[in-house]
1. Name the strands (runs of 3 or more DSSP E) wholly within the range 1-120 that hold at least 1 residues that are modelled with pLDDT of 80 or more, surrounded by 10 or more Cβ atoms within 10 Å (Cβ to Cβ) and more than 23 Å from the chain's Cα centre (by Cα)?
2. On the given criteria, is Ile95 touching a helix residue (DSSP H, G or I) at 6+ places or on another chain (Cβ under 9 Å), under 24 Å from Ser226 (Cβ atoms) and of a type in the set (A, V, I, L, M, F, W, C)?
3. Under 9 Å by Cβ, and 6 or more places apart or on different chains, what pairs join a residue from the range 278-302 that is closer than 30 Å to Ile186 by Cβ with one that is polar (S, T, N, Q) and assigned to a loop (DSSP other than H, G, I, E, B)?
4. Is it the case, given these coordinates, that Val272 is modelled with pLDDT of 85 or more, in a strand (DSSP E or B) and closer than 25 Å to Ser170 by Cβ?
Amino acid sequence: MADVTYGTPTSGYYSLPYLTTWFRRVAQPLMRFRQLCDIKEAIGTRKGNQFNWDVFSNAVTAGSYAGIAEGSVMPVSSFTLTVGTATITEYGNSITLTRKLRDMSEYDIKSVIRQTLVNDMASTIDIAVWSKFAASQLVAQASGSTDTTNIHVYSNGTGTIANNATAGLSTGHVLSIVDFMKERNIPTFDGTSYVCVSHPSTLGKIRESIITADQYTETGLKNRMSGEIGSFGGVRFIEQTNIGKVTATNPGTGNGWALFVGGEAMVEAVAVPEELIEKEVTDYGRSLGLAWYANLGFANPFSTAATQRSVMWWPNASGAFNIMPDGVE
């Protein structure tokens, strides 16, 4: 009977529990959009690749502001139940190496590969979440080419204002967008504040206000999200660089987009959490490899403009908001 030794399985694959724990812990601070998702458990066999969950509406008929007249019966209302759907998809990447490279390299090549896979996983999953947020039907644009407080919000994913590509995101724009979200009854992300994610340069003017308003205060010392630089006007601001400002599908100019997010804006269905897997060793131990793998689904639980929980700041010239990360169609 042939011997079976560690690292040379006869079938299947070896998951690496210890390194997987390290992998998740190190990768988490590198992701900006994923931390905005509400986690749904989709673990188990025989479920198919569609994960469904229940979405409940508010009361269809609100209570009367005039009250209930004496002798009248109690009003009756109801709520609607819709089903949210996320498609479970495999994500992953691998790097192969030879035994000679491992044995002869001047570097700890497996450590280099592990860190490379960490960076790749964080970027890949963040882009996957972003691609869902990018489909937001609420688009905010500045009303002119300067940094004014006036904005217009469109509910069809398309802006119509021209010649505003130089309007950078200002504190006035932020306050206007917050007012819009509040008056639309979009719940806050954490019970108190909304969240805005964008590029460091796009948040330049906001950062100056944050430093003035937030420095050395109790608010400034609270626990922050990954990439969070502070808060202003009821918004927590997060810097990100996983998604490009200018891409192949949107080569325009401007000061960059910014995503404003409320509560329950994105769902992550987890079938197989991300893990590190060692390749089945072949060629008498000369062919080696390491991979990351996950089986996840992301979806916007509110598909209509009337129920959207996120707003996309889009300062560029008129046209549909279809910015996507490099390499993604």
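1. 89-98
2. Considered against the rule, which asks whether it is touching a helix residue (DSSP H, G or I) at 6+ places or on another chain (Cβ under 9 Å), under 24 Å from Ser226 (Cβ atoms) and of a type in the set (A, V, I, L, M, F, W, C), Ile95 comes out as no.
3. Final answer for the pair search is Gly297/Asn49; Asn300/Ser136; Asn300/Gln308; Phe302/Gln308.
4. no
Quick grid of which residues meet (1) surrounded by 21 or more Cβ atoms within 10 Å (Cβ to Cβ); (2) modelled with pLDDT of 90 or more; (3) among the aliphatic types (A, V, I, L, M):
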position	(1), (2), (3)
Thr219	no, no, no
Lys222	no, no, no
Phe237	yes, yes, no
Gly244	no, no, no
Pro251	no, no, no
Trp257	yes, no, no
Ser287	no, no, no
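The values are calculated or read from the model by the stated rules, or taken from the named source; none is laboratory data. The shown structure was predicted, so the numbers you read here are calculated from the model rather than taken from an experiment. Please note: Cβ atoms are built from the backbone with ideal geometry, for glycine as well, and neighbour counts cover all protein chains shown.
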